Amino acid sequence: MKEQHTTKKWIFLGATLFLVLLLVIVWSVTMGSANISYLTVWKITIWKIVFSRIPGLETLFDGSWKSFEETIVWQVRLPRVFLAGLVGMALASAGVVFQGVLRNPLADPYILGVSSGSALGAALVIITGWQNSFLGAWTLPLTAFVTGMITLLIVYRLAYVGHRVKMETILLSGVVVQAFVGAALSFILSVSDERMQQIVYWLMGSLALTGWEHGWVIMPLVLTGIVIMWLFTRELNILALGEQSAYHVGVSVDRVRLVLLVMASLITGAAVSVSGTIGFVGLVVPHIVRLIVGTDHRVLLPVSALTGAILLIAADTVARTIMEPRELPIGVITAFLGAPFFAYLLRRRKRHYF
Amino acid sequence: MLEARKIGKKWGEEWVLQDIRFSVKPGECLGIIGPNGSGKSTLLKVLSGAEKPDTGEVLLDHKPIRNYSNRKLAMKMAVLPQEGLQPYPVTVYDTIMMGRYPYLKWYQHESGEDRRVVQDILEETSLTGLAYKTLDQLSGGERQRVAIARAMAQQPEIMMLDEPTTYLDIGYQLSILNGLKSWQRKKSATLIIVLHDLNLAVQYCDRILLMEKGRVYKWGSGRDVMDASTLQKIYGVRPVVIEHPDLKVPQIILQSGLS
């Protein structure tokens, strides 16, 4: 009886979240400096997604909008919402996994140095002016992705002591590597006078990359990563009660941990490579969701992914509209929202864990 | 069924276990005792497969333990390490259900059978009333009971426990050991318990393994081990050994040495 009750509850919660996501998307696509009415926005969207793809139907639709409106909705706003959703999803689910595996409520997707590594790579590309060199528009995100992964490998290698990776060691080596990479980054900033603005902007996080292709490329990475992590959530629940006792109920602790950390880092790297370092989403979303759905990772992970998408789309909408026509870095918005919320959580936390 | 063959274990350059040989029969209860640092916990880690021995090997049903997969091993053997369960906000019911992990394939959900096993164990261990409390709301003793219940849900042939009663009051110590014993009798399972308390060890265990400096000092019945001169040699105190009036097993009484 209890089982059925909870299943119904999760379906209801899932449906509610999807509805909220849809509403946020509608709101986000409608907001913007170019004044386009709700109706036009949605006529364009539906026409683009449905009618223009079915031969013979395109003429049935009332195509009474201007071509600049179509460009703004279809080439600027929608891809941006799509990207924000993916990045939010990636950061929030990586946050759940890092907090679970490292058994540290303060862990976030950036704790193992992935973001600093990516940022360093990006800064190098910007300062050398190679943004559009060998891989065209892809140079920056790809370099960021690769350098992030290299940093992760170094952190792992450092934490690998006597055949196994210990959790305390991995956190420490993360701190050590970040300190070094951070110094390298500061050095680059201090010698890079005129490009500094651009690097700093990237560091603060931004979803201003236009067009659909970035989203399409990270989407398979992010979704596969989340699905694979979700397959290991039963193990994650067991790990939360202690690694030794998890080993003795039959969990291959080392292997599970490796898969989870690599997947979480992979989707973090994917997110950072298109959006820079957007803080607090991966830290705060899992905490908020845990307050609502509890600590079962099988529920926590998917719900956090949806909530992350909602939150980041909303934050990005605020970032680009609140000081029109200027656009704020989205990292500023998430930090303004996230830091006080986190402080509040710290103060009111009564339980021992989380 | 479980056999230790010339086990040796090094931490760095130092041998912490040397030439350990003994075997445990099905249905037997073995108590491992010895002073601090004599290698009791390390021995349990090696026996349970959590640490690999540097020499010798552990055989489970005549097969080296390293040849078992984690899951296969967890079906045969449940282990309660000293660290116990973290006070994490997960319900008692869900925690015990984790004991079914080795029986579930990655794509499988818990079946009615699994739920029945958990339900039975909840009743046997009198945890039904706490089933929907979370671990962080329980006391240390209650969490220990949950840990044992989870181990029972693995339906193992052998259960190993590393000082399951330390830090608990005498009421809890007895109720935990009694629970383990009645489970053991019902399932004719094997128990291997590291204990600090010599009197309890002799009361509950069929055989005692007395460790000293990484070696087996004595392996035998309670009467063989609970001998004033042996204990004086190992622990450096001279206790008074008397017979338990009801259970007819040797018990010790400490004397301060002041007079």
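The values are calculated or read from the model by the stated rules, or taken from the named source; none is laboratory data. No experiment lies behind these values; they were computed from the predicted model shown. Cβ placement follows ideal geometry from the backbone for every residue including glycine, while neighbour counts extend to all protein chains displayed. Keep in mind that these areas ignore ligands, DNA and RNA; they rest on the heavy atoms of the full protein, side chains included. Shrake-Rupley method; radii C 1.70, N 1.55, O 1.52, S 1.80 Å.
Look at the alpha carbon pairs under 8 Å that are at least 6 residues apart: their mean separation over the length of chain A gives a relative contact order of 28 percent. Taking only the Cα atoms of segment A:180-276, the radius of gyration and Dmax are 18.8, 58 Å.
B:Lys25 exposes around 110 Å² of accessible area when a 1.4 Å probe is run over every protein chain in place. In the calculated pair distance distribution of segment A:12-114, what percentage of Cα-Cα distances lie above 18 Å? Value for segment A:12-114: 61 percent of Cα pairs lie more than 18 Å apart.
Taking every protein chain into account, the 1.4 Å probe leaves A:Trp130 with about 140 Å² of accessible area, to the nearest ten. Pairs of Cα atoms nearer than 8 Å and 6+ residues apart set the relative contact order; for chain B it is 25 percent. Going down the table (A:Lys166/B:Lys63; B:Lys6/B:Lys181; B:Lys40/B:Lys105; B:Lys181/B:Lys218; B:Lys9/B:Lys233), which pairs top 26 Å between alpha carbons? The answer is A:Lys166/B:Lys63; B:Lys6/B:Lys181; B:Lys40/B:Lys105. Approximating the spin labels as points 7 Å out from Cα along Cα→Cβ, the B:Gln108-to-A:Thr139 distance works out to 5.5 nm. For segment A:210-335, the dipole from Cβ point charges (+1 on Lys and Arg, -1 on Asp and Glu) about the Cα centre works out to 180 debye, to the nearest 20. Positive end of the dipole of the protein assembly as shown (Cβ unit charges, origin at the Cα centre): among A:Leu106, A:Leu13, B:His62, the Cα lying farthest that way belongs to B:His62.
Of the peptides B:96-103, A:30-37, B:26-33, the order by per-residue mean of other Cβ atoms within 10 Å, starting with the highest, comes out as B:96-103, B:26-33, A:30-37. Under a model in which nothing but the beta-carbon of Lys, Arg (+1) and Asp, Glu (-1) is charged, chain B shows a dipole of about 660 debye around its Cα centre.
Here segment A:112-233 is treated with +1 on each Lys and Arg Cβ and -1 on each Asp and Glu Cβ, and its dipole about the Cα centre works out to around 380 debye.
Here chain A is treated as a sphere whose radius is the Kirkwood value from Cα pairs; by Stokes-Einstein at 37 °C and 0.692 mPa s it diffuses with a coefficient of 153 µm²/s.
When A:Leu185, A:Leu231 are compared by accessible area of protein heavy atoms, the largest-first order is A:Leu231, A:Leu185, using a 1.4 Å probe. Placing A:Phe336, A:Phe51 in order of accessible area, with the largest value first and a 1.4 Å probe, yields A:Phe336, A:Phe51.
Relative to the compact-globule estimate of 2.2 N^0.38 Å, the Cα radius of gyration of the protein assembly as shown comes out at 1.19. Counting Cβ atoms of other protein chains within 10 Å of each residue's Cβ and taking the mean over peptide B:63-72 gives 2.
Listed by chain and number, the aspartates and glutamates placed with their C-alpha closer than 16 angstrom to that of B:Lys213 are B:Glu13, B:Glu14, B:Asp19; residues fewer than eight positions away on the same chain are left out.
Counting only aspartates and glutamates at least 8 places from B:Lys72 when in the same chain, those with an alpha carbon closer than 13 Å to its own are B:Asp61, B:Glu157.
Put A:Met229, A:Met219 in order of accessible area, highest first, and with a 1.4 Å probe you get A:Met219, A:Met229.
Listed by chain and number, the lysines placed with their C-alpha closer than 20 angstrom to that of B:Lys186 are B:Lys25, B:Lys76; residues fewer than eight positions away on the same chain are left out. Per-residue surface analysis assigns B:Arg115 an accessible area of about 80 Å², computed on protein heavy atoms at 1.4 Å probe radius. Pair-distance distribution of chain B: all C-alpha pairs, bin width 5 Å, starting at 0; shares per bin in whole percent are 1, 6, 13, 16, 18, 16, 13, 9, 6, 2, 1, 0, 0, 0.
Hydrodynamic radius of segment B:161-259 by the Kirkwood approach over all distinct alpha-carbon pairs: 14.6 Å.
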